[in-house]
1. As I understand it, the dipole of the chain uses +1 on the Cβ of Lys and Arg and -1 on the Cβ of Asp and Glu, about the Cα centre. Which of ILE338, GLY180, ALA368 lies farthest toward its positive end?
2. Ignoring everything but the protein chains, give the 1.4 Å probe accessible area of GLU250 in square angstrom, nearest 10.
3. Sort the following peptides by mean Cβ neighbour count (other Cβ atoms within 10 Å, averaged over residues), highest first: 142-151, 63-72, 78-87, 391-400.
4. Considering only DSSP beta bridges with both partners in the chain, what is the antiparallel share in %, to the nearest 5?
5. Per-residue counts of other Cβ atoms within 10 Å, averaged by peptide: what ranking do you get for 164-171, 225-232, highest first?
6. Assigning unit charges at the beta carbon (Lys, Arg +1; Asp, Glu -1) and nothing else, what dipole magnitude in debye, to the nearest 20, does segment 106-205 show about its Cα centre?
7. Quick one: P(r) of the chain from all Cα-Cα pairs, 20 Å bins, percents rounded to integers, in order of increasing distance.
8. On a full-extension model of 0.36 nm per residue, what is the gain between TYR167 and THR155, subtracting their alpha-carbon distance, rounded to one decimal in nm?
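The values are calculated or read from the model by the stated rules, or taken from the named source; none is laboratory data. Being a predicted model, the structure only gives us computed values, none of them experimental. Counting neighbours? That spans all protein chains shown, and the Cβs are built from the backbone with ideal geometry, glycine included. Side chains are part of the model used for accessible areas, which takes the heavy atoms of the whole protein and leaves out ligands, DNA and RNA. Shrake-Rupley method; radii C 1.70, N 1.55, O 1.52, S 1.80 Å.
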Amino acid sequence: MKYDSVIINGKIVMPDKVFEGELAIKNGKVAAIGKKFSTETEQVIDAEGQFILPGMVDAHVHINEPGRSDWEDYHTGSQALAAGGTTSMVVMPLNALPARTTASEFNRHRAIAEGKSYIDFALYGGLVPGNLDEIPKLAAAGAAGYKAFMATTGTDIPGDFKNVDDYELYRGMQAIQKTGLRLSLHAENPVLTDRFAEEKIANHRTKIQDYIDSRPPMVEVEAVLRALYFAKMTGCKLHFVHLSTGEAVEKVQEAQAQGQDVTCETCVHYLTLDTDDFQNIGPLAKCSPVLRTKDVQAQLWKKVQEGALNAVTSDHSPAPASMKANPNDNIFDVWGGISGAQNNVDLFYDVAVKSKRLTILQFVQLIAAGPADLFGLKSKGSLEVGKDADIIFLDPNQNYTLSNDDLYYKNKFSAYEGFEIHDRITRTILRGKTIFTLKNGFTTEADGKFLLNQKVKGETAHANNTDTKQTIHN
Ligand SMILES: [Zn+2]
């Protein structure tokens, strides 16, 4: 038989059009897209009129293994992502313990994920105070890019991820520039946010609104401007994670117009939830940057519609229930991070495509092609002949109310519990193999592969990586 399998009766969302036809798969790749291949295979998959999309590439995921596996591990986290329609993830270097800030930790984390992840994955390395010597080694080990915090983060626990100050950021950019990789930043001014929070706490003002007021849009915009200037001085390629304001996106656009290589993302929650939702949902919706008012959110949406953002991500940031509880009625004590990656695709489809803010082509650009391009995942991100057959089925006519029983997370709660969602992921295919169906759940073993950034300047950064086997998809 010519093909391993053929998907029929689907609306295939290609980069430039939606095509009603058939998609043939051979050796894990998209082998053909056209009218009639179903006689050339023994395995026909009937999509019954659903959308056939490229699997999401979630460029911002926190997995807490090793060290904090009770928060989320590679098994649970990757299953949640796969069930929600994500087939590749770029995993942040923090919230595991020790954090991934050395090449030896990088190799250890990679080996753990290789046995447990249900989806393909790339790994960030971290830039933290004191690890400049590790920057080139992380590149050689296969880091997709680097992450640093301008905002305050971390604990006093040895090995936990720490934010950089301006000096450490500047020196870090100089080192990272030499690798050709991109530095991703959490951009908020830590002096302002910390002092604003101190003021609130000193005055016994510890409600949700007080937390919102302690992280105003200006703390993000100022940090973005400062980082852009440092990047201009050092030539470092930048990416801003989870921008929450249209104003910050505009600063990125201005730098791009002046020739700087800078990109940015926002997250599903900044586009679906606002400050009123934070009040209603409570601590489960605490994150930083904080959720924004409807007005600020509208400006961000405008930027998304303009095509100014490279990706929409989850910033899936799980924690045990006890850390999201608020027994002392002090929101400042609650862990900041939204657990929500399982609903990346269906929720975002709802607010983007169903609500007619974006076309389905813009939608797949933001969840798949854009992030794949950002991190040089050349085999991922679109349904084209020769690319990996990472495919999801989205039923645009299936309504459901999200219940915690639906969740695959280690800690089965979500900021979105009880949400009425008007579409649903019914099948996830990774490199040609169905790994999840809504009907039967997971029926295969974990087979996620490590992905390299194939877009490094000069392509030399990984050249010395001989001690670890590499998975390169062309
Ligand atoms: Zn994050």
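1. GLY180
2. 80 Å²
3. In decreasing order of mean packing, 142-151, 63-72, 78-87, 391-400 become 78-87, 142-151, 63-72, 391-400.
4. 50 percent
5. 225-232, 164-171
6. Using Cβ point charges on Lys, Arg, Asp and Glu, segment 106-205 gives about 300 debye.
7. Going out from 0 Å in 20 Å bins, the chain shows 26, 60, 14, 0 percent.
8. Here the segment from TYR167 to THR155 would lengthen by 2.3 nm.
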